[in-house]
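Notes follow the structure.
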Amino acid sequence: MRSKPIAVAVILLACVLAVPPVDAQTGRTPTPRIGDELQGTSWQAESVDGKPVADPSSMTLEFLPGDQVRGQAGCNRYVGPFASRGDRVTLGILRQSRAECPPAQAAMQKQLIDQLHGAARGQIVDGDLIFYGRHGEQIHFTPRR
């Protein structure tokens, strides 16, 4: 007789665990965030506003735990916060190192950082990460291998 209440308790527990979490304030199931999928990933820029990047390994973006990013922009490194909601991600203010760069590399670095700051949203499209600016500009990242 005793095994019947235990079996019922196990079934009830399984039902409770199978129900997706619900936001206590809205009563809705939270939408998955792209940021959760991006954490731990690393990317390299293939193009900035349609211009190919000469050395993609020098233009990188890495998503860290705690909603932080870091990367390489030419001869300087950067770090800062990111936020995501649903299938969109945006970057906050990026702090940069201040090493002197050759003029061509400095120009691409400035363009990358400026466009990351101004990006209205980022999305994963066909396995690549694309940031879209408010005026049609794009930064195209591919996964780092």
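The values are calculated or read from the model by the stated rules, or taken from the named source; none is laboratory data. None of these values were measured; they are calculated from a predicted model. We place every Cβ from the backbone using ideal geometry, glycine too, and count neighbours over all the protein chains shown.
Within region 91-127, being of a type in the set (S, T, N, Q), modelled with pLDDT of 90 or more and out of contact with any Lys or Arg (no Cβ under 6 Å at 6 or more places or on another chain) holds for Gln96, Gln109, Gln111, Gln115, Gln123. Filtering region 30-51 to residues that are modelled with pLDDT of 95 or more, over 10 Å from the mean Cα position of the chain (by Cα) and not aliphatic (A, V, I, L, M) leaves Gln44, Glu46, Ser47.
Within region 38-60, being over 18 Å from Cys101 (Cα atoms) and either among the hydroxyl-bearing types (Ser, Thr, Tyr) or in a helix (DSSP H, G or I) (or both) holds for Leu38, Thr41, Ser42, Ser47. Among the residues of region 74-90, what is the count of those that are of a type outside the set (S, T, N, Q), surrounded by 20 or more Cβ atoms within 10 Å (Cβ to Cβ) and either at pLDDT 95 or above or within 11 Å of the chain's Cα centre (by Cα) (or both)? Total satisfying the criteria: 3. Of all residues in region 50-73, those being under 15 Å from Gln138 (Cα atoms) and either surrounded by fewer than 15 Cβ atoms within 10 Å (Cβ to Cβ) or without any contact (Cβ under 8 Å) to a residue 24 or more places away in the chain (or both) number 3.
Gly35 falls short on exactly one of the conditions (1) touching a residue at least 40 places away in the same chain (Cβ under 8 Å); (2) surrounded by 14 or more Cβ atoms within 10 Å (Cβ to Cβ); (3) in a loop (DSSP other than H, G, I, E, B), and that condition is (3).
Considering region 60-73, and only residues there that are under 15 Å from the mean Cα position of the chain (by Cα) and aliphatic (A, V, I, L, M), the residue that is farthest from Gln39 (Cα to Cα) turns out to be Leu61. Of Ile130, Ile139, all but one fail to be surrounded by 12 or more Cβ atoms within 10 Å (Cβ to Cβ), modelled with pLDDT of 95 or more, in contact with a strand residue (DSSP E or B) (Cβ under 8 Å, 6 or more places away or on another chain) and more than 18 Å from Glu37 (Cα to Cα); the exception is Ile139. Only strands (runs of 3 or more DSSP E) whose full extent lies in region 61-145 are considered here, and the ones with at least 1 residues that are closer than 15 Å to Val48 by Cα and among the hydroxyl-bearing types (Ser, Thr, Tyr) are 128-133, 138-143.
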